[in-house]
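Below is one structure, written out as structure tokens; the observations come after it.
The values are calculated or read from the model by the stated rules, or taken from the named source; none is laboratory data. Nothing here was measured: the structure is a model prediction, and the numbers come from that model. So basically every Cβ, Gly included, is an ideal-geometry build from the backbone, and we count neighbours across all protein chains shown. When the accessible area is computed, the model is the full protein with side chains, heavy atoms only, and any ligands, DNA or RNA have been set aside. Shrake-Rupley method; radii C 1.70, N 1.55, O 1.52, S 1.80 Å.
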Amino acid sequence: MLALLMLGAGAATGAVPVALALEGQQTLKISAKSLTTRVGGTFPEFFQTRDGQRKATVVVALSDLKARGLCVSTRADTAVGKFVLRAETPPDGPEVSAGDVKFALESIDGVDVLGQQLGLNRAFTPDGTPTDAGGPGAVPVQAGNLALNVSATARWATVNQLQISNLSLRIGDDQPECL
């Protein structure tokens, strides 16, 4: 029991990396003060449904993800009203980082993007010197004050080596969505 408490405390403070796995369909609204990552992917990957249909997915891979001022929300319509789940970190707080994020998309129904800075295929060395491109099969992405409203059907998603500090998690019918 003591070990579980120590692991929980370590995960809550960002000292212990966390891995997550999700499956299903949900609309997410995501905003970040700053975001850097390398994006890669494969198309198509196929899976077979229980009734024997073959469907294609696009697998998107984000590596070395770092974000500051991250806000993620989703809304669920229930019989007793609309509830919002909102998770956010302070804009000037520690970075959220993940070593490996992957998700398989069956379809994208809508994407709204707002941002003051979006750089594709631009990367920077640790001292701030710009470089033109990332390694083979990946595109470096840098964004500032980015807001995404994504409606997609995801078959699955995984997050490895997740480190989060100062996370605020709220749910209720009075919570605003991100963006």
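Selection over the range 63-104 of residues that are aliphatic (A, V, I, L, M), part of a strand (DSSP E or B) and open to solvent by 30 Å² or more (accessible area, probe 1.4 Å) gives a count of 3. Picking from residues in the range 117-166 that are outside any strand (DSSP E or B), at pLDDT 75 or above and not β-branched (Val, Ile, Thr), the one that is surrounded by the fewest Cβ atoms within 10 Å (Cβ to Cβ) is ASN166. Among the residues making up the range 29-56, a single one is buried (at least 16 other Cβ atoms within 10 Å of the Cβ), over 22 Å from ASP112 (Cβ atoms) and more than 14 Å from the chain's Cα centre (by Cα): GLY40.
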